[in-house]
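What follows is calculated from the coordinates using simple rules that are stated; it is not laboratory data. Everything numeric in this text was worked out from a predicted model, so none of it was measured. Cβ atoms come from the backbone with ideal geometry, glycine included; neighbour counts cover every protein chain shown.
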């Protein structure tokens, strides 16, 4: 929630535009798809040749994480606060 929606959409679009195996004649789809309790989820859809699907899939996972790290965007993880109460015994 700390990062601008527009910034995330721009970064994801840029990552997709610069991937050699993503087809350039098809639209790139990047949208905010869900509001979670500790995150905003985005959906990115791109086109590639069938034989390149898994390479593109795994490449995008890595490229997004690396780019978010460079830009200081945190990928949220579930956090749990635990409070310990003593009974005085």
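Take residue 10 and decide whether it is surrounded by 11 or more Cβ atoms within 10 Å (Cβ to Cβ), within 13 Å of the chain's Cα centre (by Cα) and free of Cβ contacts under 8 Å to residues at least 24 places away in the same chain.
Yes, satisfied.
So residue 19 fits all but one of (1) assigned to a loop (DSSP other than H, G, I, E, B); (2) in contact (Cβ under 8 Å) with a residue 24 or more places away in the chain; (3) touching a helix residue (DSSP H, G or I) at 6+ places or on another chain (Cβ under 9 Å); (4) farther than 14 Å from residue 63 by Cβ; what number is the exception?
(4)
State the number of residues belonging to segment 29-72 that are more than 11 Å from the chain's Cα centre (by Cα), in a helix (DSSP H, G or I), in contact (Cβ under 8 Å) with a residue 12 or more places away in the chain and within 16 Å of residue 12 (Cβ to Cβ).
Of the residues in that region, 3 qualify.
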